[in-house]
Structure formats: C-alpha cells, structure tokens
2 protein chains.
Amino acid sequence: MGRRRSAVTIVDGDVAASLNVAARDARAASAQLAAAPRPLKDRALLAAAAALRASAPDILAANGEDLAAATGLSAAFQDRLTLTPARVEAMAQGLEEIAALPDPVGRTLAEWTRPNGLVIRRVAQPIGVIGMVFESRPNVGADAAGLCLKSGNAVILRGGSDSARSSAAINAAMVAGLREAGLSEAAVQIAPTSDRAFVGAMLRAAGLIDLIIPRGGKSLVTRVQDESRVPVLAHAEGLCHTYIHAAADHAMARAILANAKMRRTGVCGATETLLIDAAIAPTLLPALVDDLTALGCRFRADARARAIRPELPAANDEDFSTEWLDSVLSIAVVDGVDAALAHTRRHGSEHTEAIVTEDAEAAARFLNGLSSAVGLWNASTQFCDGGEFGFGAEIGIATGRMHARGPVGLEQLCTYRYQVIGTGQIRP
Amino acid sequence: MGRRRSAVTIVDGDVAASLNVAARDARAASAQLAAAPRPLKDRALLAAAAALRASAPDILAANGEDLAAATGLSAAFQDRLTLTPARVEAMAQGLEEIAALPDPVGRTLAEWTRPNGLVIRRVAQPIGVIGMVFESRPNVGADAAGLCLKSGNAVILRGGSDSARSSAAINAAMVAGLREAGLSEAAVQIAPTSDRAFVGAMLRAAGLIDLIIPRGGKSLVTRVQDESRVPVLAHAEGLCHTYIHAAADHAMARAILANAKMRRTGVCGATETLLIDAAIAPTLLPALVDDLTALGCRFRADARARAIRPELPAANDEDFSTEWLDSVLSIAVVDGVDAALAHTRRHGSEHTEAIVTEDAEAAARFLNGLSSAVGLWNASTQFCDGGEFGFGAEIGIATGRMHARGPVGLEQLCTYRYQVIGTGQIRP
C-alpha cells in the first residue's frame, strides 16, 4: 500500500495528497460514527433533511449554474443533471425515510456456545470508509450519504464534474446535519477537486478506503472494476432475462413480460431478453409481441421466433448480449429449462432472471441452476430493487460474487466481527 | 478483463494461456459442483482420503525427491516441507472430517414475505472458482481442496515450487476421489507449471477466478494483496494484543497470558503484545514476567514497565509493530480501556485482541471499541481458529473488511443469491 501511495504521488502529487488527507479524516470520523448511538445518527439525518429544504434556493441556484455551464449535452444527461424543488424535497424525504429505518450496526447476526463454554457472537459493524463514484445525478450523493451515515460508515463522494456546484450545495446541508448532531463533519465529504485524477487516486487507495461503490453507466463501472485496488460493489450491466416456460399461465406471462420490459426501460432490472419454450411459442408469442408492440416496443428475434412471426427483425448473436435500456426486446425460442439456463449463462450479467411457470419442479430447477444475484418465479424482473426487497433504500445493486449480491442496503453496508465471551478459557 | 488478459499475454503468453485453460475448465467444473448433492461430494472426499492412504508410499517418495532437491533451506522450511506417514494420515483424516461436516450450500440464510405477497429467500451458494496460493507445506493443498470441494467451489492450487512433486502426488489422490464420485476432475487442479509467473497470472484473472486465498508468510500475502485484481481473503499478519485491565483476576490473567503467548508462538493468533493497566502493573507485572521467563520468553518493555522491572530490555516503537512469531513479548503499560484501544489501533493488524477483566462494562467498552476481526473477553487469543470456533476446519483467517472476517470455514466459502417466489406480481 505504501508503495502504491508513493506511486500515486509520482503521477499526480497534489490530487493524491488531497485524497490522502480526505481519507485520513474520514477514517477518524468513521471510528466516531461506528460508535455513535442511533439517536445521534438519526438526528443528523433529520437535521440534514431540514437543511436541504432550507437551502433549496441555494441548491437550485447552484444547479442552474451547473446547467448553464453544461453545454452540448444530451437531453437525457440534462434531465439527470437537473434539480427541481420536487427533487430537492424527494432528497429530504429520502433522508427522513433512512432515519426511520432500523440501525444495522451492532446486530447479533449469530451466536453459539462451544463445549468449552466460550460464547461466540457474530456482530454487525460498519465497513469503515466508503468511496462513492457517480455521474451526473446530484441527488445520488444525498441518498448515498444518508445510507452511509445510518450504517456508521464515513463516505467520500466523487460526483460528475458537471454537477460540482450542485453537489457542493447538497453536501453543505449534509454537513450541517452532522454538525447539529455533534458528529464529525468529515464523515461525509465531497471530492475537494473535480480533477478526474482524483477518481484514480480513490481507486488506488487500498487501506485508506475500504470499499468503492460506482453508480453510473457501464463505462464508468467497468473502468472502476478494472482499475480499482479497493474492493468494489457494483453491477456493470443488468442484462435480465424473462423465461416463459411451457407450463406458464398465458395471462400471467403476458402481464409479467409487459411489466418486466416496459414499466421502465432504463432501469437495470428491466428485462432485455425474452426466452420462450418452443412448446408454447406458437400459441403465446404472437400475443406477447402484440402486447409489447402496442406499448411501443421493438424486437430482435431469432430464427425460430421469426418462423412464428416472420415480420420480426432478425437478431444477431451480439443483440442477445446487449443491454438495450430502451423499448427493445431480444427474443429467443428455447427447448426447456436447461437451454434457458445455458442462454442466460452465455449472454447474461448475473443480475436478475425470472421464470414464469405453473410447474414448481421446473421453477426450482431454473432458480437453483442460476448463478445470478436474483432469480424470480412468477414475478417481474423489475422487482430487483432495495425498496421492493424491504430494505427501505439501496445504494446500488451488486452482481459480484463476494460480500453482498443484489440490492445493497443498510445491512449490506455492514461487515461483522466476532465477540467471544469466556470465563478464563485457555486453549489446550 | 479482456484488456488485462491480453496484457498478460504480452508479458508471459504460455503461462497466461495455461491459466486461462485451467480457469475455464474450473468454471465448468464449478457449475457441476455447485449443483452436486451432498452425498456425491462426501463420496469424493472419502474416496480421496482412501486414495491418500493407498498412495502414501508414492506421496512420501515424491516428497523425498522434493526434500533432496531443496538444498540450503532453513530447518523450519525443511520441516514444513517434510511429509511423514503421520502427516499423510492426518491429511486423510482431515478430508473425512470435512465429509462429516454439514453441507453449507443451499442453506436458507434469511426469508421474509413482502406486503405484496412476494417471498424473498436469501440462499447460500458456492463462490465459484477459487485460487489458492500457498508456500512450502504440501498438506495445505489437501485441506484447501477438501474445503473447496465440500463448499461446491472449484479450486486451482498453486503451492511452492519446492513442493511441486509432493503436491502433484497429493493432487492425484484428490482427482481419484473426484473420479470415483463421477465429478469433474477439473474441480481440483494444481498449477500446470511451477513458473512463478503463474501466480501473477492468477492474480490478474478477474472474471476467471472469483477469489484468491493466499496462505503463507507476510511477504507472500502482502504481494498477493498488493497485486491482485481478484478479491482476496487473507491476513498479512496477526499482531494480537492481550490487554490486562485493572479489574482482572490475577490468576486468570497469568494463565491466559501464558497460553496466549507461549502455547504456540508461531501461529497468527499468538499474542505479541501485552497491554497492562498502570493501576495493576506494579503488583501483577512481575508475576507475569516470571511466569513467561520460566517458559523461555524474552521481552521488549516500554519505560513504564521497565520502571517496575528495570532489567527488561527497552522496546522501541518498531517493536510494538512487530509480529514476533517467536518467544518474545512486547509490553506496554497503559491507562485504561481507551488507551489500550488506541494502542491496538496504532500498532495492531485487526486480527485478534483479548481483554482480561472482571468488569463487564470495561469488557463491553473494549470489545465494542475494537475493529479487529475477533475480540475476546477472558479467553486466550489462541482460540482464533476455525476448529475452535466450531467450523470444523478453516482455509485461513481473514482480517479485511469485506465478505468474511476471522476464521474462514465452509460457510465463509459461500456467497448467496436471492430466490423470489411470486404468484404473478408485477411492479406498480
């Protein structure tokens, strides 16, 4: 680590130095926050919510400057960057909802007694210092700060440089909340520089930062996953499948697919590919295509699907590996559960897959055969969401193999330690 | 990842290619192993144990060749490298013990029902492909292979090149077990080359290998932690503290310290530093020093301890950051729980610390103030061990902040996924 830090210094000394200072302050704040009782953390969250409301004019003015400076950006980007009174209010309410959630710190996750009388207790504790790297949406910073604060973690927020003024105004409200609760203001920090090198310094800060959470497009997340020396919780993409099994209820399949694909097309839990059993495709596929066409969806279909609906555009192999995030559905006809599993393994992103069937055995075979973070039986893939899971809020969705998978909420922002209670035991 | 792999190819093409083949075969084997029912896995373990016994002569012969080739090595190294009939039998018994342990795969870790009727189930599943990097002790390979097999993970074992012949002979027995159970022989593989570059290729194999577990000295583990692009579970050192609080029972403190320091001095859970409250030091420290001196221990003491026992050698700051792994104890006199916590934070390795006291409030303050993986109250630090925790066996001890901390057993070799059971729910 020492070597890595000195390497950073050679590359970009000032930026690395500012990261080192921010991380050292965050480490000290995290020790205080880890020991902070729930009322103190909730008080900081509620005070921050009040501060957000009180400073809404300043936040909107800062956001206006960001928007004025952000020229030549796509309409979608402009929309993500734009704050409105309603969006500021939503941020404040989000913090109040986090305050109302149970404290994840200090929970006894497991406890057992050994034959020698030792009582072994696994207890939840904060992870420590979290680095949050996100893109243009400034409200992501407030949500992440609230979740980190409640879970006892210090956080360093590095948002998109286009939203720097908005992020600073929002952070001022978060810091006001910490101050009112008597908690260290270093518990929630924003990058002191918009220099892109600061992200690189964060990713090299093993030992200084305990976890990196990237939120944004595939290119950002992939860069973070490729470069980070710090553990990462993230998903690069959500290439989700809905598999309609031969024994599916037709009406249920039509309702679930329409929701899974079209409720919101830009979310990571949106279905991108329909897999449908050959036995049911001739009777059901036309209705599914008509339903989605009426909702404005377009298609990429394999040869077997086009044999049933010849007017569908042909899909190439690449289409099945594409996360459309749009009103587009890839369609493949398959021969049973194993073929559906093989397709998801080959093209999927281990995010979320659903099976629609009345056959419990087929459902179990599908769910047990998946390695994806979330598998659903007779439900829409769009349920992959921290709120829908009952976590109250989420900081992101993880598709890696370690620590946490699926929605990452307060409990997943904790690690654990053991507390062993003895009466003088020594080891033979 | 693609970029990283091609980068490997430029550096050392053949080695990287052989790693890629091994990892691809391991991935396929891991899918089969993840779905394998317990009886099949246990059968493979028991058959491997039988094969180890049957091939003991070959294993010992191969080990003899390794020892003959290993010239100019320390006595300690020679001992770690040496296999005996007893050590081969211990390996076989170890596999039988793992077979007797419960299957960690498929456990329901949590289950709840949402207001909309969705049943959400968090289910344990294997991590996937594990890369094990260890040094000269060949039996580590058998233990690790057994734990990975039982937990449904494929493993690529890269032992020290000095033990290559021994490792190959042991691996033949593991593969014989897999074959007899009808499981893929690629589930347990050893590095096809003793080229050191193979380790580097493993550490760069993000996406091909899911987890790296290094077992060995600090230099090996630190190199792995510094270079790995793959998540790592490990501890670089175990700089463990025993803190004797003012309200400690004297007899208990003497028994615990003697055990924590001297039972075995070379294990990571051995106490390296004694912290003792100033209030109790004048009366208790002399007895502690006499006890340990009689057991052959030497000392490095701070000024306040030397004021009580002037003949003790003086400790410098570096001594308190040194993992002796030997009959040496650093001693510091402190003023209460917070001072003891501050010392462990400054010098410790977040591995294991113990407090000895009759004061429950002080014990709670100490245990809750620790960020170490394991904290003990009135027990020896040498209890930090998977067997002592009731895990049956451990593949290592982790001191990082993510996934698992403390002893890493079968349950910690699993990750989880969600299975969501619906009745046609769509998201509003």
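The values are calculated or read from the model by the stated rules, or taken from the named source; none is laboratory data. Given the structure is predicted, the values throughout are model-derived calculations rather than measurements. Reconstructed Cβ throughout: ideal geometry from the backbone, glycine too, with neighbour counts over all protein chains shown. Just the protein is used for accessible areas: all its heavy atoms, side chains included, with ligands, DNA and RNA removed. Shrake-Rupley method; radii C 1.70, N 1.55, O 1.52, S 1.80 Å.
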In deg cm²/dmol, rounded to the nearest 500, the helical mean residue ellipticity at 222 nm of chain B, built from -39500 (n - 2.57) for every DSSP H run of length 4 or more, is -14000 deg cm²/dmol
at A:GLU185 the sorted inter-copy label distances (label 7 Å from Cα on Cβ side), in nanometres, are 6.7
Residues meeting the amide H criterion for B:VAL334 (H placed from the backbone, H to H distance under 5 Å, 5 or more places apart or on another chain) are B:ILE276, B:ASP277, B:ALA278
With a ≥ b ≥ c from the Cα gyration tensor eigenvalues, square-rooted, and the rule rounded for a/c under 1.5, otherwise prolate when a/b > b/c and oblate otherwise, the protein assembly as shown is oblate
Partner lysines whose C-alpha sits under 18 Å from that of B:LYS41, ignoring same-chain residues fewer than 8 away, are B:LYS150
Interface residues of segment A:92-119, defined as losing at least 20 Å² of accessible area versus the chain alone with a 1.4 Å probe, are A:TRP112, A:ARG114, A:ASN116, A:LEU118
Amide H contacts under 5 Å for A:PHE299, restricted to residues at least 5 apart in sequence or on another chain and with H modeled in the peptide plane, are A:LEU329
At 37 °C and 0.692 mPa s, the Stokes-Einstein diffusion coefficient in µm²/s for segment B:240-383, with hydrodynamic radius from the Kirkwood sum on alpha carbon pairs, is 228
Along the dipole axis of chain A (charges at Cβ: +1 for Lys and Arg, -1 for Asp and Glu; origin at the Cα centre), the most positive-end residue among A:ALA258, A:ILE276, A:GLY387 is A:GLY387
The size of the Cβ-based charge dipole (Lys, Arg +1; Asp, Glu -1) of the protein assembly as shown about the Cα centre, to the nearest 20 debye, is 260
For chain B, longest principal axis from Cα atoms; helix B:38-54 axis from its Cα atoms; angle between them, nearest 10 degrees, is 80
For segment A:240-383 the mean separation of alpha carbon contacts under 8 Å (6+ apart) over residue count, i.e. relative contact order in percent, is 35
For A:LYS218, counting only lysines whose alpha-carbon sits under 23 Å away and dropping same-chain residues fewer than eight positions off, the answer is A:LYS261
Counting only protein heavy atoms with a 1.4 Å probe and every protein chain in place, the carbon and sulfur fraction of the accessible surface of the protein assembly as shown in whole percent equals 54
Total charge of the residues flanking B:ALA404 in space, meaning their Cβ is under 12 Å from its Cβ, with Lys and Arg +1 and Asp and Glu -1, is +2
Cα extents of chain A per principal axis, largest first, Å, are 70, 66, 43
Inter-copy distances for B:PHE77, nm, shortest first, label points 7 Å along Cα→Cβ, are 5.7
Over segment A:299-417, with neighbouring protein chains present, the accessible area per residue in Å² at probe 1.4 Å is 32
Tilt, helix A:164-180 to longest principal axis of chain A (alpha-carbon atoms), in degrees rounded to tens, equals 60
In segment B:66-193, taking the dipole from +1 charges on Lys and Arg beta carbons and -1 charges on Asp and Glu beta carbons about the Cα centre, the listed residue (B:GLY106, B:VAL188, B:ALA145) farthest towards the positive end is B:GLY106
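As a test of the definition: with a 1.4 Å probe, what buried accessible area, both sides summed, do you compute for B against A, in Å² to the nearest 100? Write down the numbers at each step before the final one.
Details: alone 18330 and 18310 Å², together 30760 Å².
So the total buried area for this chain pair works out to about 5900 Å².
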Helix A:139-150 sits off the longest principal axis of the Cα atoms of chain A, rounded to the nearest 10 on a 0 to 90 degree scale, by 60
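Report the net charge of residues surrounding A:PHE366, where surrounding means a beta-carbon distance below 11 angstrom and charges are Lys +1, Arg +1, Asp -1, Glu -1. Numbers along the way, then the final one.
Details: positive: A:ARG365; negative: A:ASP338, A:GLU353, A:ASP359, A:GLU361.
Result for the neighbourhood of A:PHE366: -3.
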